[in-house]
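First up is the structure itself, then whatever we jot down about it.
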Amino acid sequence: MTSKAQVGSVSEARGPAPGPGPAPVGVLVVEDDATIRRAVQLALERYGYRVDVAADGLGGLEAFRAGAHDLLILDVMLPELDGIGLCHRIREESPVPVLMMSARGDALDVVAGLEAGADDYVVKPVDTAVMVARIRALLRRATFGPDGPAAGKTGRDRAPDHLLTFGDLTVDTLGMEVRRAGATVSLTPTELRLLLEFAAAPGSVLDRRRLLRDVWDYGWEGDTRVVDLCVLRLRKKIGSGRIETVRGFGYKLVRG
Amino acid sequence: MNHLNPRALRWKIAALAAAACCAVAAVIGFLVHDATRERGLRVGTDRTLTRLIAAEREYDRTGKAPADIDVRSRAELPKPLARDLATFKATGTGTATGTGTGTETGTEAGTGTETGPPDTGAYATWYDADPPNWFWMWGAVAVADDRFLVVRDDMSTEVRSLQLLDRSIVKSVLAALLFVVPLAALATEPINRRLRHGARTARRIADGDLDARIGTAGRARDEITEMASAVDDMAAALQRKLENERRFTADVAHELRTPLMGLVTAAGLLPEDDEAAGLVRDRLRALNALVEDLLEISRLDAGAERARLDPVPLGELVADVVRRTGTDTRVGGVDGGGLVETDPRRVERIVVNLVTNAHRHGAAPVEVTVTGARITVRDHGPGFPPDLLERGPQRFRTGASERGRGHGLGLTVAQGQSEVLGARLTFANAPDGGAVATLDLAPRPA
């Protein structure tokens with residue numbers, strides 16, 4: 001179901017790559033179980049990723065600061081600094097896509113991880129193919145832009161009205177920039193993608209299922225809590241009144 | 001709840017108050033009635049005796065009785081009077097009063113006897129309350145041999161006033177009841193409110209709000225407070241137990257999944273075309289499924305699962321889910337069909353388990369049909385074993401060994417998930433052979 005060609009296209013779509021030639025996508029795996037750490041590393045390397053590993057939270061933070069990574073895979077239960085704390089710390093510094101990996105899979109772990117700013121989560125044990133699919137979806141979100149693979153997908157009317165204004169919020173669909181009352185708002189790729197989804201249809205209600213499908217590339221198997229928590233995070237950044245909850249249906253962007 | 005429910009506590013307490021009120025009124029009424037009657041009789045007796053003494057003096061002086069007094073012979077006397085007079089003759093002097101009922105009460109009469117003449121001085125009175133000539137007070141005294149002065153006094157005024165008294169007692173009791181019953185009903189309101197609050201809270205706890213507590217606010221240290229704190233203690237104990245169980249389940253999940261994850265990922269690294277690697281991967285899948293089912297069952301058992309309801313196009317969902325099982329399953333009635341308020345991930349679990357079960361234990365063709373909010377999974381195999389039809393899915397029971405492999409948890413999980421959804425999952429055998437499992441997602445009629 002996967003081939004080298006697809007992997008290649010992901011890394012090409014990554015945008016300006018450091019150094020000559022298309023560099024492989026860098027993934028940092030922070031996992032305390034040695035077997036999983038090594039096996040995931042080997043598996044992902046087979047798919048063409050450059051994989052760095054760390055065994056605990058502080059080591060993970062250090063490794064993240066040391067090298068440029070395009071994506072982070074964090075275990076929730078880590079010694080020293082747990083995955084949730086680590087995710088918080090990383091979010092303060094960077095909007096890099098974060099995939100949480102939880103072995104407990106109960107609501108608290110999942111919600112805490114997503115609240116901390118993770119873009120998605122998987123419950124162990126996860127098949128390598130599934131993990132790679134999630135990684136690709138995350139990277140697609142991270143790299144889409146005017147020329148990104150997803151830009152055309154939603155059929156957004158770009159030029160010349162690439163500047164959309166909602167009250168004090170300005171969304172530049174070309175420059176991929178969001179400003180609130182003049183100040184730039186730093187959004188993670190998932191949050192930006194979600195906001196663009198709303199901006200494309202201001203005033204109309206988007207249900208969770210549809211958002212999960214269009215933003216996260218999930219089918220019915222997806223967990224709508226991911227949407228709820230991402231909306232929650234987005235609200236904190238762009239103003240809580242901007243996105244309204246429509247009980248029983250979903251969310252909508254307020255125009256004025 | 002319903003203020004008109006005749007079995008409500010408020011009406012029971014009101015009835016009790018009314019009964020107590022009536023009982024007190026009956027006792028006091030009886031005492032008052034009796035005392036008044038007694039006094040009436042005494043007044044009547046005194047009056048009769050006064051007239052009799054006056055008549056006796058008159059007779060002694062003039063030899064004739066006053067016009068309103070009869071002079072009778074013994075034979076003409078009413079029987080009780082005659083008997084009393086006879087008694088006096090035997091015992092000497094005294095006064096006797098009798099009533100029509102025949103009970104005799106020898107009482108030391110008041111002034112009448114003391115001032116009476118000492119020679120004869122035996123006065124008999126008799127209260128005649130018998131029909132037809134009732135409510136007369138008779139008095140008699142012997143003045144000569146076989147000559148008796150007989151006085152008859154009308155007692156109807158006393159009787160009448162006694163009747164009026166009775167009537168006014170009844171009236172005041174009714175008036176008191178009119179006041180007491182609503183008051184009692186109102187006075188139960190605080191109690192009722194506390195009980196209702198308790199019942200509501202207990203129901204909330206039952207519905208999964210484990211933090212709900214009745215609380216013992218308020219000053220009253222009564223049985224209700226005691227019950228409330230007992231229920232609160234119970235809720236706290238349940239919550240602790242449940243949380244321990246949840247934590248245990250989560251810990252077990254972590255401990256099982258972590259090595260499994262390493263295994264799964266490592267097994268994925270083994271060469272694709274190697275037969276031994278294929279065997280490992282196959283058993284790993286089975287082990288993985290078993291662990292997930294067990295964890296799911298323990299989560300369901302712990303009551304930790306809550307449905308996340310969303311409007312879902314059921315037909316579309318089922319078609320998609322069945323397609324993803326990768327089995328040869330016919331799907332019918334999925335187009336059209338409205339939205340159903342349910343948790344799609346749980347519906348998916350149930351449908352996948354039913355379809356997998358049908359393929360594993362039944363025989364092709366397997367058909368999945370969606371009608372409204374009902375999903376039917378049907379196969380054409382030997383049908384469900386009688387044990388399952390009778391008692392529902394049992395863990396690790398796969399029926400006869402010829403029905404194929406499986407750990408027997410799939411249907412248990414499906415059943416548990418359908419309970420979380422508030423849906424009904426029923427198992428039956430079609431008349432023309434084959435097992436039929438029906439999941440009805442329509443809300444239960446209230």
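The values are calculated or read from the model by the stated rules, or taken from the named source; none is laboratory data. What you see is a predicted model, and the numbers here were worked out from it, not measured in a lab. Backbone-built Cβ (ideal geometry, glycine too); neighbour counts: all protein chains shown. To get the accessible areas, we keep the full protein, side chains included, count just its heavy atoms, and leave off ligands, DNA and RNA. Shrake-Rupley method; radii C 1.70, N 1.55, O 1.52, S 1.80 Å.
Rounded to the nearest 10 degrees, the angle from helix B:344-361 to the longest Cα principal axis of chain B is 70 degrees. Compared with the dominant Cα axis of chain B, that is its longest principal axis, helix B:314-325 is turned about 40°. Residues of segment A:64-107 whose accessible area (probe 1.4 Å, heavy atoms of protein chains only) drops by at least 30 Å² once all protein chains are present, relative to their chain alone: A:77, A:103, A:104. At an R0 of 51 angstrom, the distance between the Cβ atoms of residue B:364 and residue A:225 translates into a FRET efficiency of 0.85. Which distance in nm do the two modelled labels at residue A:62 and residue A:181 give, with both placed 7 Å along the Cα-to-Cβ direction? Distance between the two pseudo-spin positions: 4.1 nm.
Using a probe of 1.4 Å on the protein chains alone, the accessible area found for residue B:171 is around 140 Å².
Give, in nm to one decimal, the length gained when the segment between residue B:272 and residue B:339 is fully stretched (0.36 nm per residue of separation minus the Cα-Cα distance).
Stretched out fully, the residue B:272 to residue B:339 stretch lengthens by 19.9 nm.
Label-to-label distance, residue B:5 versus residue B:187, with points set 7 angstrom from Cα along the beta-carbon direction: 2.3 nm. Counted over segment A:54-146 with a bin width of 10 Å, the fraction of Cα pairs per bin, in whole percents, is 17, 51, 30, 2, 0.
Treating the angle as unsigned and between 0 and 90°, give the value, to the nearest 10°, between the Cα long axis of helix B:79-91 and the longest Cα principal axis of chain B. It is inclined by approximately 70 degrees. Using the Cβ-Cβ distance between residue B:35 and residue B:67 with R0 set to 30 Å, the FRET efficiency works out to roughly 0.25. Here the extension length gained between residue B:328 and residue B:316 equals 2.6 nm, from 0.36 nm per residue of separation less the Cα-Cα distance.
Looking at chain B, the DSSP beta bridges with both ends there are about 80 percent antiparallel. With the helix formula -39500 (n - 2.57) applied to DSSP H stretches of n ≥ 4, chain B reaches a computed 222 nm mean residue ellipticity of -19000 deg cm²/dmol. Bridges between two residues of segment B:275-432, per DSSP, are antiparallel at a rate of about 70%. DSSP bridge analysis restricted to the protein assembly as shown gives an antiparallel fraction near 65%, rounded to the nearest 5.
Translational diffusion coefficient of the protein assembly as shown at 20 °C, 1.002 mPa s, Stokes-Einstein with Kirkwood Rh over Cα pairs, in µm²/s as a whole number. It would help to have the intermediate numbers written out before the result.
On the way: Rh = 34.2 Å.
Estimated via Stokes-Einstein, D reaches 63 µm²/s.
Only lysine pairs 8 or more places apart or on separate chains count here, and in the protein assembly as shown those with Cα atoms under 28 Å apart total 12.
Rounded if a/c is under 1.5, else prolate if a/b is larger than b/c, else oblate: which is segment B:236-375, with a ≥ b ≥ c the root eigenvalues of its Cα gyration tensor? Oblate, because a/c is 1.5 or more while a/b does not exceed b/c. Counting only protein heavy atoms and a 1.4 Å probe, segment A:173-256 has 40 square angstrom of accessible area per residue.
Model label sites at residue B:236 and residue B:442, defined 7 Å from Cα along the beta-carbon direction, differ in position by 4.6 nm.
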